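Novice: Handing you a structure now.
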Ligand code: GNR
Ligand code: NI
């Protein structure tokens, strides 16, 4: 297992659409394990493969609270089958947009089909934080970030700030 560096805004990788996983093999399970270790280290409650630079449709989630036993979930090629009309609002954050939080409204419940780490087809009816987190991570697989769900004014402010930070860290590397 290894901790991988996180891809941070405005890295264009975060806008890439990830490719479906063709076979759930030991390499894929190794990627999922590395993603879980990276997520626990951060720490975060979810992580998409593109956040560690792998453009594959894989995400991991663990919603266990501090002091509770770990509850790792691996979702491969997830697809939202149904979304509730009812909405809910959560304050979201993203490991690729460190230290920025904003309220996002999404469907309160979703039904998702996916392959588990054994390549077995599964379905989950998720609500609450699990529903929000699954939608946040599935957005990543499609190159979408939670700041795409807030006002353009706020989004432009955040993007500008992270472009400036990237420029300071690596002068000459960034255009614009
Ligand atoms: O750690 C995370 N917390 C979080 C809080 C509210 C809604 C979504 C999330 S996911 C985030 C980790 C992350 O960036 N996953 O892509
Ligand atoms: Ni995120």
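None of the figures in this text is laboratory data; all of them are computed from the coordinates on show. Please read these numbers as outputs of a predicted model, since none were measured by experiment. Counting neighbours? That spans all protein chains shown, and the Cβs are built from the backbone with ideal geometry, glycine included.
Novice: Find the relative contact order for the stretch 22-74 and round it to a whole percent, using C-alpha pairs within less than 8 Å whose residues are 6+ positions apart.
Specialist: Details: 52 pairs, mean separation 14.1, N = 53.
In percent, rounded to a whole number, it is 27.
Novice: Relative contact order of the stretch 91-139: what whole-number percent is it, with Cα pairs under 8 angstrom and at least 6 residues apart? Intermediate results must be reported in sequence, preceding the final value.
Specialist: Numbers: 48 pairs, mean separation 13.3, N = 49.
Answer for the stretch 91-139 is 27 percent.
Novice: Would you kindly state how much longer the chain becomes between residue 101 and residue 164 on full extension, computed as 0.36 nm times their sequence separation minus their alpha carbon distance, in nm to one decimal?
Specialist: Values: separation 63, 0.36 × 63 = 22.68 nm, distance 1.84 nm.
Full extension from residue 101 to residue 164 adds 20.8 nm.
Novice: Which value at 222 nm does the chain reach when only helices count, each DSSP H run of 4 or more adding -39,500 (n - 2.57), with the total divided by all residues and rounded to the nearest 500 deg cm²/dmol? It would help to have the intermediate numbers written out before the result.
Specialist: On the way: 3 runs with 48 residues, N = 176.
Helices in the chain give a 222 nm mean residue ellipticity of -9000 deg cm²/dmol.
Novice: Taking 0.36 nm per intervening residue step and subtracting the Cα-Cα distance, what contour gain separates residue 85 from residue 42 on full extension? The partial results should precede the final answer.
Specialist: Working: separation 43, 0.36 × 43 = 15.48 nm, distance 3.31 nm.
Additional length available on full extension: 12.2 nm.
Novice: Using Cα-Cα distances under 8 Å and only pairs 6 or more residues apart, what relative contact order does the stretch 1-138 have, in percent?
Specialist: Values: 256 pairs, mean separation 30.4, N = 138.
It comes to 22 percent, rounded to a whole number.
Novice: Counting only DSSP beta bridges with both residues in the chain, what percent are antiparallel, rounded to the nearest 5? Provide the component values of the computation, followed by the final result.
Specialist: Numbers: 26 of 27 bridges.
Roughly 95 percent of the DSSP beta bridges within the chain come out antiparallel.
Novice: Moving to a separate point now. Put a dot 7 Å past each Cα toward the Cβ at residue 122 and residue 66; how far apart are the dots in nm?
Specialist: Between residue 66 and residue 122, the label points sit 2.7 nm apart.
Novice: Helix 26-41 sits at what angle to the longest principal axis of the chain, using alpha carbons and giving 0 to 90 degrees rounded to 10?
Specialist: For helix 26-41, the angle is close to 60 degrees.
Novice: Determine the equivalent ellipsoid of the stretch 67-112 by diagonalising the alpha-carbon gyration tensor, then write out the semi-axes as square roots of 5 times the eigenvalues, largest first, rounded to whole Å. Intermediate results must be reported in sequence, preceding the final value.
Specialist: On the way: eigenvalues 86, 73, 30 Å².
Taking √(5λ) for each Cα gyration eigenvalue gives 21, 19, 12 Å.
Novice: Take residue 33 and residue 111, extend 7 Å from each Cα along the Cα→Cβ direction, and tell me the distance between the two endpoints in nm.
Specialist: 3.5
Novice: What is the Cα convex hull volume of the stretch 1-147 when expressed per residue in Å³?
Specialist: Enclosed volume per residue, from the Cα hull, is 108 Å³.
Novice: Could you work out how much longer the chain between residue 155 and residue 3 gets when fully extended? Use 0.36 nm per residue separation minus the Cα distance between them, nm to one decimal. Present the calculation step by step, with values, prior to reporting the outcome.
Specialist: Values: separation 152, 0.36 × 152 = 54.72 nm, distance 2.91 nm.
Full extension of this stretch gives 51.8 nm more.
Novice: Hey, another quick one. If you line up the long axis of helix 152-169 against the longest principal axis of the chain, both from Cα atoms, how many degrees apart are they, to the nearest 10?
Specialist: Helix 152-169 sits roughly 70 degrees off the main axis of the chain.
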